[in-house]
Amino acid sequence: AAAAHLVREDSAGIAVTSIVGSLLGNDAGNVAASSGEMLLPMHPLQAEALMLHPAVRALMDSGQIRYLGPAGPVFTATSSVRTVYSDDAAWMPKFSLPVRITNSKRVNRRHELEAGVAVARLFECAGIDTFEPRLGFLHDSAYVTLDISGQAESGFEVIFRENRFRADDTVITVSALTAEPRPGHSSLFENVVRRVARDHDISARQACRRWFECYLDCALDPLVRLYDRFGVALEAHQQNSLLDLSQQGLPSRYLYRDSQGFYLSNSFRARWYRLVPEVVQIRSLFFDDREIRERLSYYLIVNQIFSVVARAGHDGLVSEAELLGILRVRLKKLAGELTGAGREFASSLLDKPNITAKANLAIRLQDVDELAEGGSAIYTHFANPLSGVGLFMAAEQTHAIAS
């Protein structure tokens, strides 16, 4: 618990005090803030690190912060590690952890807290949440932190992400689907596809093609149309991407998570200012379309869709060239139907000889924290397998995308 004058919080909907109270579950009656205080949930590792900080110790000694100990139901780490889940909780807290995962120290930056709330408001006001029934968002629509003098971030930052899932939901991250299986076992992707084949009495190759078409219906088309109509692109890499497989194993809906990964086109800035003025004040959200195309090419196509293509090839379900051909046909269709930024994006994937990729190994070797102030990702390029020449080369190789 912390003195209310130290607390900074905001929400696009439900009051933060109500969110925090709901996370306590059956312990709500046993843990209470005193008058003039507010409760703050903390990850155990986060709390341990904070209590070693001299400024925090001073606030504890003065009674402005009180450690109340463990409380609430059991939470389990999600694939992002610092976001945790409970079957019975309506919210998934996303904590600041003093650990480095995939190139970056995983702390919530102040601008990320504000961006999550602002984007949630924008999506509701602009009708983006209901724009496409096959596309959904897990908004980071509330946050709480402590404002400790002289610190941009105090370490107490907690983001509250909407939890739409229950224990029996058949929703899975793309990263889990495409992960390398344990020795002697089949991948999760292969198991899903072979179940589709059995249920529909078709071959594994036919099932994989059908699965991939359904996957593009919800993971490609809506995202490109979103960018075309609203100038909003998503950092849709494998871990940020969830698929609803409740329709006999076939993808029926794509869900996106992560307030760090929204790219808003500068060409829409004036429009968004009229709807949600505070969005325009968050400079980290806005990009030129050229840069958006490069990043979307990597996150959506190379990191996510190519991972599915590679998994299918490795599992021997269908050739990579076959799935690349399906993807190319879909991109041609989008390029022909759309008229704005989405058309430019789809056309560039078909025409450009090279495609953007993120140089994760170089980032790690150079010890770059891409999420820290002044840090940035490093991008490179490789031959585009969706171009005419690239598609021919893919047909001549095994695991062309995976290599």
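Derivation of every value follows stated rules applied to the coordinates shown; laboratory data play no part. Because the structure is predicted, anything quoted here is derived from the model rather than measured. Positions of Cβ are generated from backbone atoms using ideal geometry, with glycine treated the same way; all protein chains shown enter the neighbour counts.
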Any idea what the relative contact order of the stretch 171-396 is, in percent, if you count C-alpha pairs under 8 Å spaced at least 6 apart? 19
Most fluctuating residue given options 320, 48, 157, as computed from a GNM of the chain linking Cα atoms under 10 Å: 48
Run the reach check for residue 332 against lysines, Cα to Cα strictly under 16 Å, same-chain hits fewer than 8 apart removed. What comes back? 352
Any idea what log10 I(q)/I(0) is at q = 0.10 Å⁻¹ for the stretch 2-162, Debye with uniform C-alpha scatterers and no solvent? -0.37
Rounded to whole Hz and in sequence order, give me ³J(HN,Hα) for the stretch 247-264 from the Karplus expression 6.51 cos²θ - 1.76 cosθ + 1.60, θ = phi - 60°, writing x for Gly and Pro. 8, 6, x, 8, x, 10, 7, 10, 10, 10, 10, 3, 6, 6, x, 10, 10, 9
Report relative contact order for the chain in percent, whole number only (criteria: Cα-Cα under 8 Å, sequence separation at least 6). 15
Select from 359, 286, 218 the residue farthest towards the positive end of the dipole of the stretch 171-396; place +1 on Cβ of Lys and Arg, -1 on Cβ of Asp and Glu, and compute about the Cα centre. 218
Put in order of increasing Cβ neighbours within 10 Å, starting from the fewest, 352, 333 give 333, 352
Can you give me the C-alpha center-to-center distance between the stretch 182-217 and the stretch 7-60, rounded to a whole angstrom? 45
With r defined as the distance between the Cβ atoms of residue 278 and residue 198 and R0 fixed at 41 Å, what FRET efficiency is calculated, to the nearest 0.05? 0.20
Highest GNM mean-square fluctuation among 137, 165, 156, for the chain with Cα springs under 10 Å, belongs to 165
Return the sequence-ordered ³J(HN,Hα) values of the stretch 333-340 in whole Hz as given by the Karplus equation 6.51 cos²θ - 1.76 cosθ + 1.60 applied to θ = phi - 60°, using x for Gly and Pro. 5, 5, 4, x, 8, 8, 10, x
For the pair residue 147/residue 182, report the inter-label distance in nm, with labels modelled 7 Å from Cα in the Cβ direction. 5.0
Compare 89, 15, 219 in a GNM of the chain, Cα atoms joined below 10 Å, and give the one with the largest fluctuation. 15
Residue 379 long-range amide H proximity, modeled H, under 5 Å: 359
Using a 10 Å cut-off around each Cβ, can you sort 216, 188, 242 from fewest to most neighbouring Cβ atoms? 188, 216, 242
For semi-axes √(5λ) of the Cα gyration tensor in Å the list reads (i) 34, 30, 20; (ii) 39, 24, 20; (iii) 35, 25, 19; the calculated value is entry (ii)
Farthest positive-ward along the stretch 2-162 dipole, Cα basis, beta-carbon charges - from 56, 143, 24: 56
